[in-house]
Amino acid sequence: MPERRGARGRSGNPSLFAAAAPPQPLAARMRPRTLEEYVGQTHLLARGMPLRESIERGNVTSMVFWGPPGTGKTTLARLIARYTDREFVSFSAVTEGVPRVREIVREAEDRLETGRGTILFADEIHRFNKAQQDAFLPHVEAGTITLIGATTENPSFEIIGALLSRVRVFVLRPLSPADVAGLVRRALGDAERGLGALGLTTDDDAVDLLAVEADGDARRALTVLEAASDHVGAGGHLTADVVREAAQLRFSHYDKGGEETYNILSAFHKSLRGSDPQAALYWMARMLEGGQDPMTIFRRAIAMAAEDIGLADPEALKLAVAARDAYHMLGAPEGYLPMSQMVIYLATAPKSNSSKVALDAALSAAQEHPAAQVPLHIRNAPTRLMKELGYHEGYQYAHAVPEAYIPQEYLPEALAGSSFYVPGPFGFEKEIAKRLAWWEELRTRAKESPSSGTGHEPSTEE
């Protein structure tokens, strides 16, 4: 038997404790070696697309790949290095710093003298501090290195502007279930790199389940597949139950605190505004399953009740606040019931943003007329001197007439006649519109036949 290579003891013989290198995980073994093997991202890599053509020409510039885990960011960076015949060097923000950047740059400069370029791959570039990102700038600018960053976070928020202006950002999308299923079947049939040599039999519904469970993450799919194959062993049979057991608990795809948090909050709010209770309930559930603080959900719902329902249904704001208070009393999971009731009510309530429009218009008027004088007749007049100066003179007391409404001007002279609030056509605002129309009619009558029998507010003077 040939001698196994391994660690040697002081005598020069192989050590008894030397262990063979562990095999690579299935996901690493199945990493695509060519663009033809690469799955997904056809919006970037289909034939004729600019990125595909620049890779095949060997002419690529610095770039950032932005997308969720398992979408092929690292694999694509390695393929670019291979197709463009450049050295692939990884840099870790966690374990390495600016001195390592300088070392990589010196090596890249030496390499350039032989005519070969360097791709510096910065995985999770959103974790790099400002000094690390600044260190890349002059060398990206000079073309000493081609920087490829990979991130799951929005580059707009996580990458400094100076660096962002020097790279192209490509968005990678989650793989479709069909893409994942294709990868799984390829791994099952590949005897060299995959599981083909094990002689496994697999139910179609097991592959379909795995494709859905993966949530567009190829690495997760292959990891679960490998665990399932280890469970049944060579010649085993993979069923949906085996896959389910291998997957254990499937966590909702929700990066609490990350960009996806705000995407899902936005989807929740827009579903409520768009009167879709089904979608609103789903996004609510996604946040709860992802561990979001329920108060974040309540805050967004309360804001929505004021902004998008408003006076079309004044009960909506009351119910949203009551649901929050009920959650405080009940806690989880019972407190999810009033939350669900709130979501359904807000989604199905009549909608109006007239309160927000009115607020914006009033704020704009206040900014344009910041010193407009309060009309004399509605000024406070607690002293004789104020009354002698004309304060309160001519004020008409609304409760002195049967209609409890007397036409008079309450706005400053510069804004007289302005209209900030216009009621919407739905829900309770239809009643408000009728009331405003009636008051307008009373104003018209008053102009046509001025009344001398107006009332006055009781005096505040002691």
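Please give the number of the condition Pro69 fails out of (1) in a strand (DSSP E or B); (2) touching a helix residue (DSSP H, G or I) at 6+ places or on another chain (Cβ under 8 Å); (3) open to solvent by 30 Å² or more (accessible area, probe 1.4 Å).
(1)
Among the listed residues Gly290, Gly390, which satisfies the condition of being surrounded by 16 or more Cβ atoms within 10 Å (Cβ to Cβ) and either more than 25 Å from Ile432 (Cα to Cα) or in contact with a Gly (Cβ under 6 Å, 6 or more places away or on another chain) (or both)?
Gly290
Could you grab me the full set of residues in region 399-429 that are surrounded by 14 or more Cβ atoms within 10 Å (Cβ to Cβ) and outside any loop (DSSP other than H, G, I, E, B)?
Once the filter is applied, which keeps residues that are surrounded by 14 or more Cβ atoms within 10 Å (Cβ to Cβ) and outside any loop (DSSP other than H, G, I, E, B), region 399-429 yields Ala400, Leu415, Glu429.
Scan region 144-156 and give yes if some residue there is farther than 27 Å from Met30 by Cβ and out of contact with any Leu (no Cβ under 8 Å at 6 or more places or on another chain), otherwise no.
Scanning region 144-156, I find at least one residue that is farther than 27 Å from Met30 by Cβ and out of contact with any Leu (no Cβ under 8 Å at 6 or more places or on another chain), so the answer is yes.
Pick from Gly194, Gly182, Gly143: which is over 24 Å from Glu96 (Cα atoms), out of contact with any His (no Cβ under 6 Å at 6 or more places or on another chain) and open to solvent by 30 Å² or more (accessible area, probe 1.4 Å)?
When all the criteria are applied, what remains is Gly182.
Those residues that are open to solvent by 10 Å² or more (accessible area, probe 1.4 Å), more than 18 Å from Arg31 (Cβ to Cβ) and either among the acidic types (Asp, Glu) or at pLDDT 90 or above (or both), I need them from region 210-227; list them, please.
If the condition is that a residue be open to solvent by 10 Å² or more (accessible area, probe 1.4 Å), more than 18 Å from Arg31 (Cβ to Cβ) and either among the acidic types (Asp, Glu) or at pLDDT 90 or above (or both), then Glu213, Asp215, Ala227 are the ones that fit.
Looking only at region 235-272, count how many residues are open to solvent by 80 Å² or more (accessible area, probe 1.4 Å) and at pLDDT 85 or above.
5
Is it the case, given these coordinates, that Ala191 is assigned to a loop (DSSP other than H, G, I, E, B), modelled with pLDDT of 90 or more and not polar (S, T, N, Q)?
yes
Quick test for you: out of Pro370, Pro338, Pro333, pick the one residue that is loosely packed, with under 14 Cβ neighbours inside 10 Å, more than 30 Å from Gly394 (Cα to Cα) and without any contact (Cβ under 8 Å) to a residue 60 or more places away in the chain.
One residue alone meets the criteria, Pro333.
The values are calculated or read from the model by the stated rules, or taken from the named source; none is laboratory data. This is a predicted model, so every value here is computed, not measured. Quick reminder, even Gly has a Cβ in these numbers, built from the backbone with ideal geometry, and neighbours come from all protein chains shown. Note: areas computed on protein heavy atoms with side chains; ligands, DNA, RNA excluded. Shrake-Rupley method; radii C 1.70, N 1.55, O 1.52, S 1.80 Å.
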